Amino acid sequence: MTDAGHPWRNDPPWGVNDHVRERLERTAGEVAREWGLTLLPRRGGRYSFIGFTSEGTVLKVTPVEDDEADCEGDALALWAGDGAIRLLRRDVARRALLIERAQPGTDISKLAEDEANAAAVAVARRLWRPARRGEPFLSIAERVTRDLERVGSHVLVPIARSIFASMTFAETTLLHGDYHHYNVLRHGNGYVAIDPKPLVGEPEFDVAPFLWNPIRVPSSGEHTDRRISAFVAAGLNEKRIREWAIVRGVCLGLPLSPGETEEISPQLRTVRQLVG
């Protein structure tokens, strides 16, 4: 997410600031009226506007400051309901998406470990399909290079930079970009992904956030190994999953927020498990 020079987000408990939230709500109201939608009182979204409608759909409006969401609609259109929630309508200029509502919409964070792993692997394999950088998706190399420039000073930073510098990889697969338990929802008899931050790269990159979630349930080294093993059984490379988890854990866990310590950072705890 873009934050340099533009304080559009709040510190804990996290979310967009009041100014951005009000702007998103105004835009959502305008779009809903034009599209003949009735917004229900129920709202969601910390970094976007999520409005449930009486028509059984969901209206989402993302802030322009959140450049990670720039291509969300493009990815949903490409997936066309296969592995991800279905896109019904979009307004690119106003960053508005009308999407199908997952029913019953429960995420996989409360499932037993092996059941959650199996659901995540099954959905991910449907999402990972051929794509090319710049059409219109950013590459993982571009994203990680930018993220590593802002992590600051920490003993784990040189480790992540060294690993990333040593890696060669193809950028030929469309990735979810923020793949974890809370973004995989029950829908009918199966599961679908929501809220992508799409990138083009290799599938192993996508596994990292799944290792340190659910965010309020500290994972042990055993949990981390079981999750990695589930994706390896689906054909992914174990060494590469571990490398990306270290690199992405540093990128997403640093710099630490005011009052946050390495011990309470889920990303950095996972990195420590992996580097020993």
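Compute the FRET efficiency between D91 and S220 as 1/(1 + (r/R0)^6), taking r as their Cβ-Cβ distance and R0 = 30 Å, and round to the nearest 0.05. Present the calculation step by step, with values, prior to reporting the outcome.
Details: r = 45 Å, r/R0 = 1.48.
Plugging the Cβ-Cβ distance into 1/(1 + (r/R0)^6) gives 0.10.
Could you work out the relative contact order of region 172-276, using alpha carbon pairs under 8 angstrom and six or more residues apart, expressed as a whole percent? Before the final figure, lay out the partial values.
Values: 135 pairs, mean separation 25.6, N = 105.
With pairs under 8 Å counted, the relative contact order is 24 percent.
If the only charges are +1 at each Lys and Arg Cβ and -1 at each Asp and Glu Cβ, what is the size of the charge dipole of the chain around the Cα centre, to the nearest 20 debye? Numbers along the way, then the final one.
Working: 36 positive and 39 negative charges, 73 e Å.
That gives the chain a dipole magnitude of about 360 debye.
State, as an integer percentage, the relative contact order of the chain based on alpha-carbon contacts under 8 Å between residues 6 or more apart.
Working: 452 pairs, mean separation 42.3, N = 276.
After rounding, I find 15 percent.
Give the accessible surface of the chain per residue, rounded to a whole number of Å², with probe radius 1.4 Å and ligands, DNA and RNA excluded.
On the way: 12780 Å² over 276 residues.
Accessible surface, normalised per residue, equals 46 Å².
List the residues whose amide H sits under 5 Å from the amide H of A84, counting only those 5 or more places along or on another chain, with H placed 1.01 Å from N in the peptide plane.
For A84, the qualifying residues are A193.
If a/c stays under 1.5 just call it rounded; otherwise compare a/b with b/c (prolate if a/b is bigger, oblate if not). Do that for region 107-239, with a ≥ b ≥ c from the square roots of the Cα gyration tensor eigenvalues.
On the way: a/c = 1.78, a/b = 1.27, b/c = 1.40.
Here region 107-239 falls in the oblate category.
Amide H of A96: which non-local residues (sequence gap of 5 or more, or other chain) have their own amide H closer than 5 Å, using H built in the peptide plane?
Amide H neighbours of A96: D91.
What is the local net charge at G201, summed over the other residues whose Cβ is closer than 9 Å to its Cβ (Lys, Arg +1; Asp, Glu -1)? List each step's numbers first, then the result.
Details: positive: R133, R143; negative: E171, E202, E204, D206.
Residues close to G201 contribute a combined charge of -2.
With a/c under 1.5 counting as rounded, go ahead and sort region 176-253 into rounded, prolate or oblate using the C-alpha gyration tensor (a ≥ b ≥ c being the square roots of the eigenvalues; past the cut-off, prolate if a/b is larger than b/c, else oblate). Please list the in-between numbers first.
Values: a/c = 1.34, a/b = 1.26, b/c = 1.06.
Because its axes are fairly even, with a/c under 1.5, region 176-253 counts as rounded.
Label point 7 Å out from A77 along Cα-to-Cβ: which residues of region 185-221 have amide N under 20 Å?
193-201
What residue among A96, A193, A112 has the largest mean-square fluctuation in a Gaussian network model of the chain, using Cα springs under 10 Å?
Evaluated over the chain, the most mobile residue of the options is A112.
Would you mind computing, in nm to one decimal, how far apart the modelled labels at S229 and T261 are, each placed 7 Å from Cα along Cα→Cβ?
Spacing of the two 7 Å Cα→Cβ label points: 3.2 nm.
Note down the net charge around A234, summing +1 for each Lys or Arg and -1 for each Asp or Glu among other residues with Cβ under 14 Å from its Cβ. Show your work: numbers first, answer last.
Values: positive: R125, R126, R226, R227, R240; negative: D114, E202, E204, D206, E238.
Residues near A234 contribute 0 overall.
Summing +1 for each Lys or Arg and -1 for each Asp or Glu, what net charge is found among the other residues whose Cβ lies under 14 Å from the Cβ of I159?
Details: positive: R161, R242, R248, R272; negative: E243, E262.
Computed value for this residue: +2.
How many percent of the accessible area of the chain is carbon or sulfur, using a 1.4 Å probe? Before the final figure, lay out the partial values.
On the way: 6580 of 12780 Å².
Carbon-and-sulfur percentage of accessible area, whole number: 51.
Tabulate in residue order the Karplus-calculated ³J(HN,Hα) for region 59-75, using 6.51 cos²θ - 1.76 cosθ + 1.60 with θ = phi - 60°, rounded to whole Hz; enter x for Gly and Pro.
9, 10, 10, 9, x, 4, 5, 8, 5, 5, 9, 4, 10, 4, x, 5, 5
Over region 45-182, what relative contact order in percent results from Cα pairs under 8 Å that are six or more residues apart?
Working: 136 pairs, mean separation 29.4, N = 138.
About 21 percent, as a whole number.
Return the sequence-ordered ³J(HN,Hα) values of region 254-259 in whole Hz as given by the Karplus equation 6.51 cos²θ - 1.76 cosθ + 1.60 applied to θ = phi - 60°, using x for Gly and Pro.
10, x, 5, 6, x, x
Can you give me the P(r) profile for region 158-218? Cα pairs, bins 10 angstrom wide beginning at 0, each as a whole percent.
20, 40, 31, 7, 1
What FRET efficiency comes out for R23 versus T106 if R0 is 22 angstrom and r is the Cβ-Cβ distance? Round to the nearest 0.05. Don't jump to the answer; show the numbers that get you there.
Working: r = 31 Å, r/R0 = 1.39.
Efficiency for this residue pair is about 0.10.
Arrange the residues S109, S139 by how much accessible surface each exposes, largest first, with a 1.4 angstrom probe. Don't skip to the end; give the middle numbers.
Values: S109 20, S139 0 Å².
Ranked list, largest accessible area first: S109, S139.
Quick one: among R42, R161, R89, which has the greatest mean-square fluctuation in a GNM of the chain with alpha-carbon springs under 10 angstrom?
R42
The values are calculated or read from the model by the stated rules, or taken from the named source; none is laboratory data. Bear in mind the structure is a predicted one, so any value in this text is a computation, not a measurement. Please note: Cβ atoms are built from the backbone with ideal geometry, for glycine as well, and neighbour counts cover all protein chains shown. Keep in mind that these areas ignore ligands, DNA and RNA; they rest on the heavy atoms of the full protein, side chains included. Shrake-Rupley method; radii C 1.70, N 1.55, O 1.52, S 1.80 Å.
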